[in-house]
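Undergrad: This is the structure I have questions about; it appears just below.
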Amino acid sequence: MKRGIRGGVEDRWHRSARRGEQVPWPADTPGASSWCTDPRHGEVGTLVATERHGQGKRWMARWVGGDCHERAKSFDRKAQAQAHISQVSADINRGTYADPTRTAITFGVVAEEWFRNRSGANKLKPKTIAGYRSLLDVIVLPRWAETKLRDLQHADIQAWVTWLATDPAARHRAVGSAGEGGLSPGRVIQAFQVVDQVLGYAVRARYMAVNPADGIELPRKRTREDIALSHEEVSRLAEAVPEIRPAILLLAYGGMRFGEMAALRVRDVDLTRRRIRVARSVTRVARMGHVEGDTKTHQVRIVPILTQTLADALIEVVGNREGSEYLFPGRDGGPLTLGWFRWRFDQAAVAAGLTGITPKTLRYTAGSLALASGASIVTVSKLLGHRNVTTTMNVYSHMLPDDFDNLATAMDTAARAAAVI
């Protein structure tokens with residue numbers, strides 16, 4: 001017969017005498033069902049020794065976990081057992097209780113469970129999934145895979161983050177190259193975010209009560225001034241390498257992400273209406289090759305062909321080609337690769353006398369030139385395909401006029417008019 005669930009603190013060494021029970025006095029040391037004669041255990045003649053008398057820890061805390069299963073833990077002192085029961089009860093009431101048997105699971109096991117859930121949700125791009133896998137295998141799991149959840153401490157995670165950011169050994173282990181300092185702040189933050197997400201999942205799945213990664217101090221990302229090219233610089237860059245001239249003009253005046261441009265088909269270009277339909281993006285994923293999917297924001301947008309120079313270049317590119325062909329095909333007929341384009345782009349930059357620029361510079365240039373031409377921040381946001389205007393404001397706010405002078409003039413005029421009246 002299954003006994004009922006119990007809770008509270010239990011004396012493993014003693015029990016109370018049953019009603020009418022004739023309890024013998026021990027001849028020497030207490031035996032099972034004889035009176036305990038040790039005054040340190042309590043008043044002599046009031047406690048009946050059990051078969052576990054004097055063995056192991058005396059006090060056992062029993063409680064029922066959130067899964068309705070009984071748990072137990074032994075202590076030397078009654079006060080310790082009572083304090084444990086109080087803590088467990090409070091955790092259960094707050095919803096922060098974690099089964100101690102589950103916290104014995106290693107970080108590596110939970111990390112793989114988290115990764116399966118994330119990669120199987122069909123919400124992440126293949127490149128994002130591959131990025132998570134790389135961070136786990138190269139940086140995170142070598143340190144934490146065998147660590148039990150109950151042994152994870154805030155201080156240890158903080159020390160690990162600091163080591164990643166400052167120790168050359170961290171750089172060598174992660175990227176295989178020597179150099180001063182540790183990994184870049186961005187890479188350290190990415191690695192920490194994976195740990196934080198795994199532990200957050202562990203809390204939600206009731207593997208542990210709290211996330212020890214909360215409140216970790218992270219390195220500050222290095223800030224840099226984004227570079228925007230002028231119309232003249234765009235022209236110099238485009239003319240430097242004619243082979244990629246149309247692509248440079250499209251990026252500089254269309255504001256597309258490189259993957260969006262690489263995914264364009266001939267049919268996406270409407271030369272009559274001077275519009276380009278941006279609906280897909282392509283990226284190269286390790287061990288998978290080129291993977292085509294939705295845009296970064298999972299939205300389709302229409303990009304205008306803003307200059308006649310760009311329109312003329314696209315007329316030549318489109319020609320009489322089939323609509324299903326990539327607008328800018330690679331050497332194998334597939335999508336244009338970033339590696340090859342970057343190689344030719346760097347050559348163009350050198351020839352044009354432009355330093356410190358990358359293909360991403362052209363996207364920033366598109367937004368900057370549009371704002372300088374009088375476009376509203378909302379229009380620029382639509383051009384670039386930002387999820388919301390806030391993103392555009394954060395990137396380009398320094399370019400917006402503050403209008404304080406105009407405001408001062410208007411306020412002063414109104415105030416003077418009121419004073420005359």
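Undergrad: Return the residues of segment 272-297 that are within 12 Å of Glu260 (Cβ to Cβ) and not in a strand (DSSP E or B); say none if nothing qualifies.
TA: First pass over segment 272-297, keeping only residues within 12 Å of Glu260 (Cβ to Cβ): 276-283, 292-297.
The answer is Ala279, Arg280, Asp294, Thr295, Lys296, Thr297.
Undergrad: Can you run down the residue pairs with Cβ atoms below 7 Å, 6 or more apart or on separate chains, where the first is in segment 140-166 and closer than 13 Å to Val109 by Cβ and the partner is assigned to a loop (DSSP other than H, G, I, E, B) and aromatic (Phe, Trp, Tyr)?
TA: That search, which allows pairs on different chains as well, returns Leu149/Tyr207.
Undergrad: I want to confirm something. Restricting to segment 298-333 and keeping residues that are touching a residue at least 40 places away in the same chain (Cβ under 8 Å) and in a strand (DSSP E or B), which single residue is surrounded by the most Cβ atoms within 10 Å (Cβ to Cβ)? Write out each step before concluding.
TA: Taking segment 298-333 and keeping what is touching a residue at least 40 places away in the same chain (Cβ under 8 Å), we get 299, 301, 303-307, 309-311, 313-318, 321-328.
Of the ones still in play, those that are also in a strand (DSSP E or B) are 301, 303-304, 326.
Values: Arg301: 17, Val303: 25, Pro304: 15, Tyr326: 18.
Among those residues, the one meeting the criterion is Val303.
Undergrad: Let me ask something else about it. Right, Leu362: modelled with pLDDT of 95 or more and in a helix (DSSP H, G or I) or not? First the steps, then the outcome.
TA: Details: modelled with pLDDT of 95 or more: yes; in a helix (DSSP H, G or I): yes.
It is true that Leu362 is modelled with pLDDT of 95 or more and in a helix (DSSP H, G or I).
Undergrad: Let me ask something additional. Could you say which residue among Gly200, Gly181, Gly215, Gly186 is exposed (fewer than 14 other Cβ atoms within 10 Å of the Cβ) and either in a helix (DSSP H, G or I) or among the β-branched types (Val, Ile, Thr) (or both)? Spell out how you get there, then give the answer.
TA: On the way: Gly200 fails: exposed (fewer than 14 other Cβ atoms within 10 Å of the Cβ); Gly181 fails: either in a helix (DSSP H, G or I) or among the β-branched types (Val, Ile, Thr) (or both); Gly215 fails: either in a helix (DSSP H, G or I) or among the β-branched types (Val, Ile, Thr) (or both).
Checking each option against the conditions leaves just Gly186.
Undergrad: Looking at segment 152-164, is at least one residue more than 22 Å from Trp114 (Cβ to Cβ), hydrophobic (A, V, I, L, M, F, W, C) and buried (at least 20 other Cβ atoms within 10 Å of the Cβ)?
TA: Taking segment 152-164 first, the residues more than 22 Å from Trp114 (Cβ to Cβ) are 155, 159, 162-163.
Pick out the ones that are also hydrophobic (A, V, I, L, M, F, W, C) and you get 155, 159, 163.
Narrowing the set further to residues that are buried (at least 20 other Cβ atoms within 10 Å of the Cβ) leaves none.
The answer is no, given that none of the residues of segment 152-164 is more than 22 Å from Trp114 (Cβ to Cβ), hydrophobic (A, V, I, L, M, F, W, C) and buried (at least 20 other Cβ atoms within 10 Å of the Cβ).
Undergrad: Report yes if Leu384 is touching a Gly at 6+ places or on another chain (Cβ under 7 Å) and either in the same structural domain as Ile248 (by TED's automatic domain parsing) or aromatic (Phe, Trp, Tyr) (or both), otherwise no.
TA: Numbers: touching a Gly at 6+ places or on another chain (Cβ under 7 Å): yes; either in the same structural domain as Ile248 (by TED's automatic domain parsing) or aromatic (Phe, Trp, Tyr) (or both): yes.
Criteria met by Leu384.
Undergrad: Oh, and also: Any residue that is hydrophobic (A, V, I, L, M, F, W, C) and either surrounded by fewer than 17 Cβ atoms within 10 Å (Cβ to Cβ) or without any contact (Cβ under 8 Å) to a residue 24 or more places away in the chain (or both) - is there at least one of those in segment 230-246?
TA: First, the residues of segment 230-246 that are hydrophobic (A, V, I, L, M, F, W, C): 234, 237-238, 240-241, 244.
Checking which are either surrounded by fewer than 17 Cβ atoms within 10 Å (Cβ to Cβ) or without any contact (Cβ under 8 Å) to a residue 24 or more places away in the chain (or both) leaves us with none.
The answer is no, given that none of the residues of segment 230-246 is hydrophobic (A, V, I, L, M, F, W, C) and either surrounded by fewer than 17 Cβ atoms within 10 Å (Cβ to Cβ) or without any contact (Cβ under 8 Å) to a residue 24 or more places away in the chain (or both).
Undergrad: Okay, moving on. For segment 69-107, give me the residue count where each residue is touching a Gly at 6+ places or on another chain (Cβ under 7 Å) and either modelled with pLDDT of 90 or more or farther than 20 Å from Met208 by Cβ (or both). Break it down into steps so the answer makes sense when it comes.
TA: Taking segment 69-107 as the starting set, the residues that turn out to be touching a Gly at 6+ places or on another chain (Cβ under 7 Å) are 71, 74, 85, 92, 97, 99.
Applying the additional criterion that residues be either modelled with pLDDT of 90 or more or farther than 20 Å from Met208 by Cβ (or both) yields 74.
Of the residues in segment 69-107, 1 are touching a Gly at 6+ places or on another chain (Cβ under 7 Å) and either modelled with pLDDT of 90 or more or farther than 20 Å from Met208 by Cβ (or both).
The values are calculated or read from the model by the stated rules, or taken from the named source; none is laboratory data. Note that the structure is predicted; figures quoted are calculated from it, not measured. Please note: Cβ atoms are built from the backbone with ideal geometry, for glycine as well, and neighbour counts cover all protein chains shown.
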